[in-house]
Amino acid sequence: MKKTFFIIQIAVLFSFGAKAQDDIYPAPPQKGTFYITNATIHVGNGTVINNGTIKVTDEKIVQVGTNITASGDVIDAKGKQVYPGLILPESDLGLKEIANAVRGSNDYQELGEWNPNVQSAVAYNSDSKIINTLKANGIVLTHVAPAGSLIAGTTSVMQLDAWNWEDALYKRNTGIVFYMPSLINRRPRFAGVRGQQPQPEPDPVKEGLDKIEEVKKVFREAKAYSQEPDHAQTNLKFEALKPLFTKEEKLFIHADVVKQLLVAVDFAKEFGINVVVVGGTESWQIAHLLKKNNISVILSREYNLPETEDDDVDQPFKTPFILKQAGVLFALNDDNDETRYRNLTFNAGTAAAYGLTKEEALQSITLNPAKILGIDDRTGTIEEGKDANIVISDGDILDMRTSIVSAVFIQGRKVSLENKQTQLYNRYMTKYGLK
């Protein structure tokens, strides 16, 4: 009886969740011309245009400036701030819905340690309830990456207003994800039972180095495979790694401590590939070495304690400025399981309080991730010829007190900002006569 009641409860919850966004549809393709006028335009490259106008035709920005005559379909943005569409530089959006609770809602990890041929794009769920909450915060693109224990699979860039994963594809096969083994020897919490001889603990550093050597061995074999003109048999895993050696794709290495970062540098040197560090907690300690080897960094969590007790407690807030000073290309991220990516802009705002200018902080969530992901020819700034990925905010988008997004455009389409939260808000405001 209890089991039946529990099943009924789950069914009710899922039926509510399934209906919560049934009337929120992707926008149709943009046709024709419209103008955004009288706006403060933050171009995304450090330039700010006051009282400016943006002309959009179909899905492209065709003109940006102050001396543009607007006619026909005009959006008056007087007193508002206009920004490039924000980019979430790495996430499991669309792959993980209800973590550690509803297994059927998740498809973010394959079995085994060697999965370079697994493609995250085909697992992307464009009906995720989280997606619409991100659009309401100005995020229009995300770099979707699978989880794993070593070589997890292939990443892709997805736009957030689509009917299915094919429609959502913005750039397929951006890179391969490598989760670096731990290289820290942490003491066990309990040494053993009194009166018994303690069992020898395995050395995690040695185990990690052995795993790294395994990865290098596979990479050497894959590189040799890629240089052969013909193959007696097709190796799907080596085929997936091929674009790394031609620099068509990048290797996204999840690494935080200096030891791991030095291994990432070693990979870039030995295999001549483009490396991006994801996490990068201690990247500030070897910033000049990262710059020298042209390694980019995606900083994952600003609101976290430092890696070691000797570091300043606010070190994570200061790291973006240190990387900027060293000339390292970096982007800010928000991978906190509690906020589910929605604090991206506020992470950038905090970085602006610790050394970066407001425009440099904006670049860390627009142009910089676009460069890292190889899509800066299409997006990341409000410039002629680029996709019309545009966000209009009532105030400063980096300040949670004034960040009120009033309109979002993805490839020229004005997308809905409705989501489960806004619908619940409107429902109960109506119920109690407060709307």
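The values are calculated or read from the model by the stated rules, or taken from the named source; none is laboratory data. These figures come from a predicted structure and were not determined experimentally. FYI the Cβ positions are ideal-geometry reconstructions off the backbone, even for glycines, and counts take in every protein chain you see. Only protein heavy atoms, including side chains, enter the accessible area calculation; ligands, DNA and RNA are left aside. Shrake-Rupley method; radii C 1.70, N 1.55, O 1.52, S 1.80 Å.
Data overview
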{"quantity": "Stretch gain in nm, segment ASP310-ASP203, where the contour uses 0.36 nm per residue and the Cα spacing is subtracted", "calculated": "36.1 nm"}
{"quantity": "Highest to lowest packing among 314-322, 150-158, scored as the average C-beta count within 10 Å", "calculated": "150-158, 314-322"}
{"quantity": "Charge tally in the Cβ shell below 12 Å around ASP256, where Lys, Arg are +1 and Asp, Glu are -1, ASP256 excluded", "calculated": "0"}
{"quantity": "Label point at GLU239 placed 7 Å out along Cα→Cβ; residues across the range 101-119 whose backbone nitrogen lies under 14 Å", "calculated": "116-119"}
{"quantity": "Around GLN325: net Lys/Arg minus Asp/Glu count, Cβ-Cβ under 12 Å", "calculated": "+2"}
{"quantity": "Straight-distance crosslink candidates among lysines, where the alpha carbon sits under 17 Å from LYS78 and sequence neighbours closer than 8 are dropped", "calculated": "LYS55"}
{"quantity": "1.4 Å probe accessible area per residue over the chain, in Å²", "calculated": "50"}
{"quantity": "Sorted peptide list for 379-385, 347-353, 219-225, 299-305, criterion being average Cβ within 10 angstrom, highest first", "calculated": "347-353, 379-385, 299-305, 219-225"}
{"quantity": "Under 28 Å from the Cα of LYS211 - lysines, other chains or at least 8 residues apart", "calculated": "LYS96, LYS223, LYS237, LYS242, LYS247, LYS250, LYS259, LYS269, LYS291, LYS292"}
{"quantity": "CD proxy at 222 nm, helix term only [per DSSP H run n ≥ 4: -39500 (n - 2.57); per residue of the chain; nearest 500]", "calculated": "-9000 deg cm²/dmol"}
{"quantity": "Inter-site label distance for LYS371 and GLU270 at 7 Å from Cα along Cβ, in nm", "calculated": "2.9"}
{"quantity": "Listed candidates (1) 259; (2) 187; (3) 212 - label of the one calculated as volume of the Cα convex hull per residue in Å³", "calculated": "(3)"}
{"quantity": "Cβ-based net charge around PHE34, under 14 Å, with every Lys or Arg adding one and every Asp or Glu removing one", "calculated": "+1"}
{"quantity": "Accessible area of the chain belonging to carbon and sulfur atoms, whole % at 1.4 Å probe", "calculated": "50"}
{"quantity": "Lysine-lysine proximity count for the range 302-435, Cα under 18 Å, sequence distance 8 or more or distinct chains", "calculated": "7"}
{"quantity": "FRET efficiency, 1/(1 + (r/R0)^6) with R0 56 Å, evaluated for ASP76 and SER182 via beta carbons", "calculated": "0.55"}
{"quantity": "Principal-axis tilt of helix 204-227 within the chain, Cα atoms, nearest 10 degrees", "calculated": "70"}
{"quantity": "Peptides 393-404, 57-68 ordered by average Cβ neighbours within 10 Å, highest first", "calculated": "393-404, 57-68"}
